[in-house]
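Asker: My questions all concern the structure below.
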Amino acid sequence: MPSETTAREAGRGEGGPVDPAWPGQPEAVGTSDWDQDGLDTDEMIVNMGPQHPATHGVLRVELRTDGEVVRAARPHIGYLHRCFEKHCENVDYPGVMPYTDRMDYVAAMGNTLGFALTVEKLSGIEVSPYVQTIRVVMAELQRIASHAVAVGTYTMDIGAFTPFLHLLRDREKILDLFEWTCGARLLYNYNWVGGVSHDLPDGFVRATRDLLREFDSVTFPELLDLIIHNRIFVRRLSHVGVCRPELAISYDLTGPNLRGSGPARDLRKDAPYSGYETYDFDVCVGKGQYGPLGSCFDRNWVRTVEMRESSKILHQALDRLEKMERTDVHEKVPKRVKPPKGEIYFRTEAPRGQLGYYLVSDGNVNPYRVKVKSPCFTAMSVFHHLAKGMMIADVIALIGSLDIVLGEIDR
Amino acid sequence: MRQWLADVWEGFFTVLVGMRITWRHLFTSPVTLQYPSVKWPLPPRSRMRLFMKYEDCIGCGQCVRACPVNCISLKAEKRPADAPPIWAANGQPIKLHVAVFDIDMSLCCYCNLCTYPCPTDCIYMTPEYEFATSDITQHLYRFAKKDAVFLTEDPKKKAAAPGAAAPPPAPQTPPAKPAGA
Amino acid sequence: MDATYAYLVQLLPAAAGWPPWLVVALIAALPALACFTFMSLGPLVYVYAERKISAFMQDRLGPMRVGPYGLLQTAADTVKLLFKEAIFPKGVDRRLFVIAPVLVNVGAFMPFVVIPWGARLQPADLNVGVFYVVAIASLSTVGLIMAGWASNNKYSLFGAMRSAAQIVSYEIPAVMILLVPVMIVGSLSLHDITEAQAGGLQSWFLFRYFPLMPVAFVVFFVAGLAETNRAPFDIPEAESELVAGFHTEYSGFFFAMFFMAEYTEMFVLSAVASVLFLGGYLAPVPALQQIGPVTIGSLSIGPVATGWLWLWLKAWSLVFVMMWLRWTLPRSRVDQLMYIAWKVLLPIALVLVAVVGFFVLQPATAGGFPWDRWVGWPLAALLVAFLFFVMVRALQWNRRRAQELAAQVTP
C-alpha cells in the first residue's frame, strides 16, 4: 500500500544524518526537503511511494496537494541505480553489452544496438548489409514489443485490464522469436561490436510474417476499437498533461514524447543508421484529434501507430532478407575489441526516445568512460512542470504517458 | 445541444464496439500453457544453465576473462612431468591440471560470452532451467572431478588412422544434478 | 405469510396451538433464513464466474488448480480470509469499524425480502415494494461512510466521501426510472409489476413503448452500475489509484464481508432490473411457465413451476453483462462520473418520466395510448431493418478489407 507522510510525520527530525562523521552528506531517504514549516494549513504532502503499481518501476513521487489538486510535484529517483557507468570501466567492450541490455530492460535490443554502433563508429568497422538488415528486424520487433508493454500498462493504469493481456499475448510471440534466435527472452546480448551473436534460424522469416499478419489484421484493429477510440479513455486523457511543442523541445524530450506534441523528429529519418535510410516509413506524430495537441492521449497515440509503422518496416526488411545473400554474422567481429584512442557520441532511436552513448576510449580493451544519455531521464524532467494543477488521478495518467523505465533512468 | 447528443451517442457506441471485441475473445482459445503439468520444449539455442565438460578443459582461462561478472573461478597447475599425455576431444593436448573450476550460477548473467572463446567448446549453455534451490550455496557448481577419465590417445591421429572408430559424439545435454555441490 | 402459516401447520399440527408471537417469529424467520442462505452462497459462485469470464476474455485460463477447473478457488479464498488476522489499525473507532461492514451487508441483503421468485414465492409481498428496495439499499451508503470514517485514515475518508457522492448522485436517475414501470402498472408492489407483464415476451416492459423503455432500461442499468461501484465507475476501489478506497484498512473477515456485499448488491440490482423490465419470474412463452407433469414409467413428476429459474436466468445474464462491462471499459474520472450522472442520465430520466407519464394518462384504452401498435412496433421494425442493412454492409466491407490485407502481405 502506498504510504503517506503528513506534514507532521515527515518532519526534518525523522531522517537525520546517517553517519555523523560525514559532513555535507545527503539526508536519509524518507524525508522531504520541502520546507514543511511554510506549508499552508490545508496543503498536504502526499507520497506515491517507491512501491506503487502505477509508477512503472521504483519511482517515488512527492506531491504537495491542496485537496485533489497538485500544487507541486517532485520525483525522487535512484532506487534502481546499479553503477552501470562504473562497471563499464572495469569490463571489456563485449562484457559491457550485457550491462547495456539491463538498462532499459523492456527494450533491450535497442540498447545493445546503440552501443555496438557507437564502438563500430569509433573503430571504423562497417558491417555487411545482411547484418544491418538483421539488426533492423530485431530493433523493430523490439519496438513493437516495447510499445505493447507501454500501451498495455498505460491502459491498465487507466482501468481497462483487457487490452494489456491481449498486447502481452502478442509480445510473447515476439519474445518466442527472440528466444528461438539467440536463446534469451528478455536480455539478449544479441548485437555485438561488428555483428550479431547468432544468425537467424531457418524459418525465421516465415514465422515473423505469420506474427505480423496476425498483428496487423487482428490485434492492432482490436486495440484501436477496444480502447484507443473508446470515449471514456479519450475523455480521461485528451485534455490532460498538455505539453506544448516549445516546452517539449526546451526540456529535450525525444521520441514519442516529443512527437506527441507535434514536431516530426525521428533519428531514423534525421540521422539514419544501420540502413534505415533505405526503408519507406512515416514518422508518427500526435494529431490532437480529441483535444489540444500534446496531451497524454497524443503521446499514447504515437506509440500505438508506431507499432504499425514498425510492422511496415519489418515487411520490407523481411522481403530483403529473403533475397539477400547471407554472410557470416561474425565476420567483422574483432578478436579483441580495442578501439583507437578518441571519443565519440552516437545516438539511436530507442523505443523511448533518443538513446545516446558518449564513449571515451584510451586504446585499451576496457572503455575509459561510457556515459549514457537516457531518454526516460529527460522525459522525467518535464514531469514536475506538467503535474502542476492536475488532479491526483491524472498524475498517474501523466507518468504512464511519459513511458518511463526506471532501469534506464537510474542506470 | 447537438454536441451533447453526439457525445452521448458516441459514448454509448464505442462501449458497444468494445463489448463486441471482448465477447469475441470469450470464445477464442486461451494461450495459457499450464506450466508444471505441461512443459514445452525450449529451442536448442536456449541460454539456461551452464555446463562444462571437465574432460575437455585445457585450463586456458579464456572463459574466466570473458565473463563480465566474474562468476567462473579457475585454478590450474602444471601437470607433473611424468604424467601420461592427455587430449581433449577435438585433438588439443591438455597441458594443465585443472584443480578448481567453479561456476557460481547465482552470479551468472546468462550472457553466453564465456562459450565463444573456448578452444575446445567444453563450456556451453544448456536448456536446463529448473534448478531452483532454497539454499543459494547450491548454485555454486564445482566441475573439477577427481576421477576424470581423459583421452590418452590423440583423437585426430586415431581418426586419420585406417580402420579408425567413429569420432566421439557431440556433447549431449548433461544430467539434471550438478557435478557435486 | 398465510401460505407460510399453512405450511407450518401442515408440518407441525401442534403449531396451531402455539402462542402467536412464536408462530409469527417462525413464519418470519423461516423464509428469511432460506433466502439468506441461498443468497449468501451467491458470491461464492459470482467470484468464480467473474474470474473465469475475465480470464476467457483475456485469452487466459483463470483459476485451474484448486479443485477441478478451479471450482474450489472461492472456497479456498474464503477460508484464507477467515483465518487472516483482522487488523485494527491504531486509532480506529472500534465499534464503528465493526458495524460498518454489517450495515453494508444489511443494505445488500435486505432487498431480497421483496423480490418475487414466483407467483406466490416471495418472502414478503409489501405493497410498497419498490420504495422499500430503494430505501433499504441506501443503508449501505451509511455503512460505507462509517467505514471511511472509522478507518482513521484520511485517504479512506476521501475515498468514502467520493463513493458516497457517487452513489447519491446516481440514486436520482435510478429512482426516476423506477417510476416508469410503476406509472404503467399503478402499483409499487413488485408482484403486481411482474403480473402486469404477463402474456409472453412482447408484454415485458423492455419491449413496450418501443424506443423509450429500452432507453429507460439502459439508464437504470448504468445508474445501478454506479451505485454498486462497478466499472467503469469503480474509482473508489481502483487498485491503481493513489487511494485504495474506503475499505483500505479492512483485512481478513471484514474484507470478505465487503466483497460479499458488493457481489450481492450486483445480484440485487440485476434481480430488481429483471423484475421491472424483463418480466421477473415470467417465462418468455407462457406455456413454459409450468413444466409438468412428466411421467417416467410409473413415476409422475407433477407440474413444476419454473418461475424461480426464469428470474435466476435473467438476473444472471445481467450480472454477466456487468462483468463484461468491467473487463471492457476503462475507469471514468470522478468529475466525469458526476457529469454522466447529472448531465446525461438525469435529463434523459426526466424526459422519459414525462413522456411515458403523458402517454399512460391518455384515456384511449385502459392502459393508455396504444403506443405499441402505432409507434412502438413500426419503429422497432424500422430499426431491425436498418441494423440488418448495416450488418450486410459491414460484412461486405470486412470481406473487402480482408482481401486487401491478404494482398499486402506477400505469401
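The values are calculated or read from the model by the stated rules, or taken from the named source; none is laboratory data. Because the structure is a prediction, the values reported are computed rather than measured. Using ideal geometry, Cβ is built from the backbone for each residue, glycine included, and neighbour counts are taken over all protein chains shown.
Asker: Let me spell it out: the conditions are (1) of a type outside the set (Lys, Arg); (2) surrounded by fewer than 17 Cβ atoms within 10 Å (Cβ to Cβ); (3) in contact (Cβ under 8 Å) with a residue 60 or more places away in the chain; (4) within 11 Å of chain A (Cβ to nearest Cβ), and B:Val31 meets all of them except one. Which number is the exception?
Answerer: The number of the failed condition is (3).
Asker: Does C:Ala86 satisfy the criteria of being more than 30 Å from C:Pro31 (Cα to Cα) and surrounded by fewer than 19 Cβ atoms within 10 Å (Cβ to Cβ)?
Answerer: Numbers: more than 30 Å from C:Pro31 (Cα to Cα): yes; surrounded by fewer than 19 Cβ atoms within 10 Å (Cβ to Cβ): yes.
Considered against the rule, which asks whether it is more than 30 Å from C:Pro31 (Cα to Cα) and surrounded by fewer than 19 Cβ atoms within 10 Å (Cβ to Cβ), C:Ala86 comes out as yes.
Asker: I want to confirm something. Restricting to segment B:95-136 and keeping residues that are of a type in the set (S, T, N, Q) and either surrounded by 13 or more Cβ atoms within 10 Å (Cβ to Cβ) or under 13 Å from B:Cys71 (Cα atoms) (or both), which single residue is farthest from the other protein chains (Cβ to nearest Cβ)?
Answerer: First, pick out the residues of segment B:95-136 that are of a type in the set (S, T, N, Q): B:106, B:112, B:115, B:120, B:126, B:133-134.
Okay, now just the ones that are also either surrounded by 13 or more Cβ atoms within 10 Å (Cβ to Cβ) or under 13 Å from B:Cys71 (Cα atoms) (or both), so B:106, B:112, B:115, B:120, B:126.
Values: B:Ser106: 16, B:Asn112: 6, B:Thr115: 10, B:Thr120: 18, B:Thr126: 10 Å.
Residue satisfying both the conditions and the ranking: B:Thr120.
Asker: Based on this model, can you work out whether C:Arg393 counts as among the charged types (D, E, K, R), at pLDDT 75 or above and in a helix (DSSP H, G or I)?
Answerer: Values: among the charged types (D, E, K, R): yes; at pLDDT 75 or above: yes; in a helix (DSSP H, G or I): yes.
Here the answer is yes, as C:Arg393 does meet what is asked.
Asker: What pairs come out if I take residues in segment C:315-338 that are at the interface with another protein chain (Cβ under 7 Å from one of its Cβ atoms) and pair them with residues that are of a type in the set (S, T, N, Q) and surrounded by fewer than 22 Cβ atoms within 10 Å (Cβ to Cβ) whose C-beta lies under 6 Å away, six or more apart or interchain?
Answerer: C:Trp327/C:Ser54
Asker: If you don't mind, there's one more thing I want to ask. Every residue in segment C:213-232 that is within 18 Å of C:Trp377 (Cα to Cα), buried (at least 21 other Cβ atoms within 10 Å of the Cβ) and modelled with pLDDT under 90, please.
Answerer: Result: C:Met213, single match.
Residue-by-condition table, conditions (1) under 30 Å from C:Arg230 (Cβ atoms); (2) modelled with pLDDT of 90 or more; (3) surrounded by fewer than 24 Cβ atoms within 10 Å (Cβ to Cβ):
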{"position": "A:Tyr154", "(1), (2), (3)": "yes, yes, no"}
{"position": "A:Ala160", "(1), (2), (3)": "yes, no, no"}
{"position": "A:Ile174", "(1), (2), (3)": "no, yes, yes"}
{"position": "A:Trp180", "(1), (2), (3)": "no, yes, yes"}
{"position": "A:Asn189", "(1), (2), (3)": "no, yes, no"}
{"position": "A:Phe204", "(1), (2), (3)": "no, yes, yes"}
{"position": "A:Glu222", "(1), (2), (3)": "yes, no, yes"}
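Asker: Give segment C:191-233 a look and list any residue that's away from chain A (no Cβ under 14 Å) and not in a helix (DSSP H, G or I), or say none. Full working, then the answer.
Answerer: Initially, segment C:191-233 is screened for residues away from chain A (no Cβ under 14 Å), giving C:191-221, C:223-224, C:227-228.
Once the filter is applied, which keeps residues that are away from chain A (no Cβ under 14 Å) and not in a helix (DSSP H, G or I), segment C:191-233 yields C:Ala196, C:Gln197, C:Ala198, C:Gly199, C:Gly200, C:Trp204, C:Arg208, C:Tyr209, C:Phe210, C:Pro211, C:Thr228.
Asker: Same structure again: Taking C:Trp342 as the residue in question, decide whether it is in a helix (DSSP H, G or I) and within 30 Å of C:Val79 (Cβ to Cβ).
Answerer: Numbers: in a helix (DSSP H, G or I): yes; within 30 Å of C:Val79 (Cβ to Cβ): no.
Taking the combined requirement at face value, the residue does not satisfy it.
Asker: Would you confirm whether any residue within segment A:137-145 is without any contact (Cβ under 8 Å) to a residue 40 or more places away in the chain, over 23 Å from A:Arg369 (Cα atoms), more than 14 Å from every other protein chain (Cβ to nearest Cβ) and in a helix (DSSP H, G or I)?
Answerer: Yes, there is a match, as at least one residue in segment A:137-145 is without any contact (Cβ under 8 Å) to a residue 40 or more places away in the chain, over 23 Å from A:Arg369 (Cα atoms), more than 14 Å from every other protein chain (Cβ to nearest Cβ) and in a helix (DSSP H, G or I).
Asker: Considering only segment A:298-310, I want to know if a residue exists there that is in contact (Cβ under 8 Å) with a residue 24 or more places away in the chain, of a type in the set (A, V, I, L, M, F, W, C), assigned to a loop (DSSP other than H, G, I, E, B) and within 30 Å of A:Arg236 (Cα to Cα). Walk me through how you get there before you give the answer.
Answerer: The initial filter retains those residues of segment A:298-310 that are in contact (Cβ under 8 Å) with a residue 24 or more places away in the chain, namely A:298-304, A:306-310.
Pick out the ones that are also of a type in the set (A, V, I, L, M, F, W, C) and you get A:301-302, A:307.
Now drop any that are not assigned to a loop (DSSP other than H, G, I, E, B), which leaves none.
No: segment A:298-310 contains no residue that is in contact (Cβ under 8 Å) with a residue 24 or more places away in the chain, of a type in the set (A, V, I, L, M, F, W, C), assigned to a loop (DSSP other than H, G, I, E, B) and within 30 Å of A:Arg236 (Cα to Cα).
Residues are listed down the side, and each one gets a yes or a no for (1) touching a residue at least 12 places away in the same chain (Cβ under 8 Å); (2) out of contact with any helix residue (DSSP H, G or I) (no Cβ under 7 Å at 6 or more places or on another chain):
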residue: C:Leu30; (1), (2): yes, no
residue: C:Leu33; (1), (2): no, yes
residue: C:Leu41; (1), (2): no, yes
residue: C:Gly91; (1), (2): yes, yes
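Asker: Please go through segment C:244-292 and pick out each residue that is modelled with pLDDT under 85, part of a helix (DSSP H, G or I) and among the small types (Gly, Ala, Ser).
Answerer: Passing the criteria: only C:Ala287.
Asker: Right, here's the next one. Please determine whether any residue of segment C:357-375 is under 30 Å from A:Arg235 (Cβ atoms) and modelled with pLDDT under 90.
Answerer: For segment C:357-375, residues under 30 Å from A:Arg235 (Cβ atoms) and modelled with pLDDT under 90: absent.
Asker: From the list A:Val91, A:Val96, A:Val119, which one is crowded, with 24+ Cβ neighbours inside 10 Å, within 14 Å of chain B (Cβ to nearest Cβ) and either in contact with a Pro (Cβ under 7 Å, 6 or more places away or on another chain) or free of Cβ contacts under 8 Å to residues at least 24 places away in the same chain (or both)?
Answerer: On the way: A:Val91 fails: crowded, with 24+ Cβ neighbours inside 10 Å; A:Val119 fails: within 14 Å of chain B (Cβ to nearest Cβ).
Sole residue among the options that is crowded, with 24+ Cβ neighbours inside 10 Å, within 14 Å of chain B (Cβ to nearest Cβ) and either in contact with a Pro (Cβ under 7 Å, 6 or more places away or on another chain) or free of Cβ contacts under 8 Å to residues at least 24 places away in the same chain (or both): A:Val96.
Asker: Turning to a different aspect of this structure: Looking only at residues in segment B:115-129 that are over 7 Å from B:Met48 (Cβ atoms) and in a loop (DSSP other than H, G, I, E, B), which one is nearest to the chain's Cα centre (by Cα)?
Answerer: Let us first name the residues in segment B:115-129 that are over 7 Å from B:Met48 (Cβ atoms), namely B:115-124.
Cutting the leftovers down to in a loop (DSSP other than H, G, I, E, B) gives us B:115-122.
Working: B:Thr115: 9, B:Tyr116: 13, B:Pro117: 15, B:Cys118: 14, B:Pro119: 17, B:Thr120: 16, B:Asp121: 13, B:Cys122: 12 Å.
Ranking the candidates gives B:Thr115 first.
Asker: Identify, from the list C:Glu262, C:Glu249, the residue that is within 14 Å of chain A (Cβ to nearest Cβ) and among the acidic types (Asp, Glu).
Answerer: On the way: C:Glu262 fails: within 14 Å of chain A (Cβ to nearest Cβ).
Criteria check complete, one pass: C:Glu249.
Asker: Has segment A:15-34 got any residue that is at pLDDT 55 or above and among the hydroxyl-bearing types (Ser, Thr, Tyr)?
Answerer: No, segment A:15-34 contains no residue that is at pLDDT 55 or above and among the hydroxyl-bearing types (Ser, Thr, Tyr).
Asker: Which of the following residues is in contact with a Phe, Trp or Tyr (Cβ under 8 Å, 6 or more places away or on another chain) and either surrounded by 15 or more Cβ atoms within 10 Å (Cβ to Cβ) or more than 7 Å from chain A (Cβ to nearest Cβ) (or both): B:Arg49, B:Arg20, B:Arg24?
Answerer: On the way: B:Arg20 fails: in contact with a Phe, Trp or Tyr (Cβ under 8 Å, 6 or more places away or on another chain); B:Arg24 fails: in contact with a Phe, Trp or Tyr (Cβ under 8 Å, 6 or more places away or on another chain).
Step by step, each of B:Arg49, B:Arg20, B:Arg24 is checked, and only B:Arg49 is in contact with a Phe, Trp or Tyr (Cβ under 8 Å, 6 or more places away or on another chain) and either surrounded by 15 or more Cβ atoms within 10 Å (Cβ to Cβ) or more than 7 Å from chain A (Cβ to nearest Cβ) (or both).
Asker: Can you report the number of residues in segment A:285-332 which are among the hydrophobic types (A, V, I, L, M, F, W, C) and within 26 Å of A:Ala207 (Cβ to Cβ)?
Answerer: Of the residues in segment A:285-332, the ones among the hydrophobic types (A, V, I, L, M, F, W, C) are A:285, A:293, A:296-297, A:301-302, A:305, A:307, A:313-314, A:317-318, A:321, A:324, A:329.
From the residues that got through so far, the ones that are within 26 Å of A:Ala207 (Cβ to Cβ) too are A:305, A:307, A:313-314, A:317-318, A:321, A:324, A:329.
Number satisfying all stated conditions: 9.
Asker: Across segment A:182-240, which residue is nearest to B:Arg47 (Cα to Cα) among those that are facing chain B (nearest Cβ under 8 Å) and in contact with a strand residue (DSSP E or B) (Cβ under 9 Å, 6 or more places away or on another chain)?
Answerer: My answer is A:Gly183.
Asker: How many residues does segment C:56-75 contain that are more than 12 Å from every other protein chain (Cβ to nearest Cβ), part of a helix (DSSP H, G or I) and out of contact with any Pro (no Cβ under 9 Å at 6 or more places or on another chain)? Break it down stepwise before answering.
Answerer: Keep residues of segment C:56-75 that are more than 12 Å from every other protein chain (Cβ to nearest Cβ), which gives C:66-68, C:71-75.
Still in the running and part of a helix (DSSP H, G or I): C:68, C:73-75.
When the remaining residues are screened for being out of contact with any Pro (no Cβ under 9 Å at 6 or more places or on another chain), the result is C:68, C:75.
Counting residues in segment C:56-75 that are more than 12 Å from every other protein chain (Cβ to nearest Cβ), part of a helix (DSSP H, G or I) and out of contact with any Pro (no Cβ under 9 Å at 6 or more places or on another chain) gives 2.
Asker: Give the residues of segment A:212-241 that are free of Cβ contacts under 8 Å to residues at least 12 places away in the same chain, over 14 Å from C:Ser332 (Cβ atoms) and in a helix (DSSP H, G or I), sorted by residue number.
Answerer: Selection gives A:Arg213, A:Ser217, A:Val218, A:Pro221, A:Asp225.
So that you can scan it fast, the table gives a plain yes or no per residue for (1) assigned to a helix (DSSP H, G or I); (2) within 19 Å of the chain's Cα centre (by Cα); (3) closer than 30 Å to C:Leu337 by Cα:
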| position | (1), (2), (3) |
| --- | --- |
| C:Ala108 | yes, yes, yes |
| C:Pro111 | yes, yes, yes |
| C:Pro116 | no, yes, no |
| C:Ala119 | no, no, no |
| C:Ser163 | yes, yes, yes |
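Asker: Then there is this: Are any residues in segment A:268-307 under 19 Å from A:Phe215 (Cβ atoms) and either buried (at least 17 other Cβ atoms within 10 Å of the Cβ) or aromatic (Phe, Trp, Tyr) (or both), and if so, which ones?
Answerer: Passing the criteria: A:Tyr279, A:Phe281, A:Cys284, A:Asn300, A:Trp301, A:Val302, A:Arg303, A:Thr304, A:Val305, A:Glu306, A:Met307.
Asker: Another one. Name the residue, out of B:Gly11, B:Gly61, that is of a type in the set (Gly, Ala, Ser), surrounded by 14 or more Cβ atoms within 10 Å (Cβ to Cβ) and at the interface with another protein chain (Cβ under 9 Å from one of its Cβ atoms). Please lay out each step first, then the result.
Answerer: Working: B:Gly61 fails: at the interface with another protein chain (Cβ under 9 Å from one of its Cβ atoms).
That would be B:Gly11, the only listed residue that is of a type in the set (Gly, Ala, Ser), surrounded by 14 or more Cβ atoms within 10 Å (Cβ to Cβ) and at the interface with another protein chain (Cβ under 9 Å from one of its Cβ atoms).
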